[in-house]
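Reviewing the structure listed below.
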Amino acid sequence: MILQTSGTTGNPKKIFQTPEKLKAANEVARLTQKITSDSRVYTVCKMTHAGGALAQTLPAQEVNAHVDIVDFNAYEFVKNVCNYTHTHITPKHARAIMGTKNFWNLDMTGVWVTCGSDPVTWDIIEAFVGRGATFMTNWGMTEIGPCAINTVFKTIEEVNEYKSNSHPGGSFLGDRVWCDYKIVNDELYVRGDICVYDDWFATGDWVDIIDDKFYYFGRK
């Protein structure tokens, strides 16, 4: 399949996804997010981008889990999300959801929320974990992953611990890594079975690793 990059850092590009890469990425996505054949996935991201197609949808479909694909609407999300076990959103989606009155009354116990594509701020993590959700901050790109670097938060105590030790100048990406990586002149390079390229891929992201935690400082 061919997916198009978001274009947030330049002109959108079309990236061919080989069957081998998709298979490997599906396995990692299921492992990191605990997706099984019994899962119920609520897809609200566009299917033309990696977050919508590859974060949860295709991995779940491969094992015949239930998947519903809908256009994003914050009010509908709040009304429906607790009928599912998994969903993937962007920080922009998260803020729209947090802007609805009924969100703050939700009990999201049993719902796995993965969030990425842009830096995920601590207030977003706190809001969803505070509603009972299992929340995964996630970094990936159309070229690798999409589940490449992440961390799972289940309690406010875990969030507070990470937050208190975080780098004040960078956005937290995660501390669980599912690919090979290296830092060259402050730029993150990655490779592995979940990458579309065989050799090292220069991500264009300025990244620093502190106490085994990855922090994002902007684009090259």
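The values are calculated or read from the model by the stated rules, or taken from the named source; none is laboratory data. These numbers come from a predicted model, not from an experiment. Cβ atoms come from the backbone with ideal geometry, glycine included; neighbour counts cover every protein chain shown. For the accessible areas, the whole protein counts, side chains as well, though only heavy atoms, and no ligand, DNA or RNA atoms are used. Shrake-Rupley method; radii C 1.70, N 1.55, O 1.52, S 1.80 Å.
Across all directions, the average flat footprint of the convex hull enclosing the Cα atoms of the range 128-220 is 6.2 nm².
Rank-order 48-58, 169-179, 85-95 by packing density, defined as the average count of other C-beta atoms within 10 Å over each peptide's residues, highest first.
Output ranking for 48-58, 169-179, 85-95: 48-58, 85-95, 169-179.
With the convex hull drawn over the C-alpha atoms of the range 1-56, the volume per residue is 89 Å³. Surface exposure of the range 63-132, expressed per residue as accessible area with a 1.4 Å probe, stands at 48 Å². Which whole-number percentage describes the relative contact order of the chain, with Cα contacts under 8 Å and a sequence gap of 6 or more? So the answer I get is 15 percent.
Stretched out straight at 0.36 nm per residue, the stretch from GLU27 to ASP199 would grow longer than its current Cα-Cα span by 59.8 nm. For the range 200-213, backbone phi angles converted through the Karplus equation (6.51, -1.76, 1.60; θ = phi - 60°) give residue-by-residue couplings of 4, 10, 7, 6, x, 9, 7, 9, 10, 10, 10, 6, 6, 10 Hz, Gly and Pro being listed as x.
Over the range 158-220, accessible surface divided per residue gives 58 Å², non-protein components excluded, 1.4 Å probe. Other residues within the sphere of radius under 12 Å centred on the Cβ of GLY51, judged by their own Cβ, net out at +1 (K and R +1, D and E -1).
Over the residues of the chain, the helix contribution to mean residue ellipticity at 222 nm works out to -6500 deg cm²/dmol, using -39500 (n - 2.57) for each DSSP H run of at least 4. Counting only protein heavy atoms and a 1.4 Å probe, tell me what percentage of the chain's accessible area is made up of carbon and sulfur. Accessible surface attributable to carbon and sulfur in the chain totals 48 percent. Remark: the range 1-132 is approximated by an ellipsoid whose semi-axes, taken from the C-alpha gyration tensor as √(5λ), come to 24, 18, 12 Å, largest first.
Where both bridge residues fall in the range 1-134, DSSP classifies roughly 20% of the beta bridges as antiparallel.
Restricting to the range 62-209, compute how many DSSP beta bridges are antiparallel as a %, nearest 5.
The answer is about 65 percent antiparallel.
Bridging of LYS213 to lysines at a Cα separation below 20 Å is possible for LYS154, LYS163, LYS182, once same-chain residues fewer than 8 apart are set aside. Entry note, the range 55-108: relative contact order of 37 percent, from Cα contacts under 8 Å with a spacing of 6+ residues.
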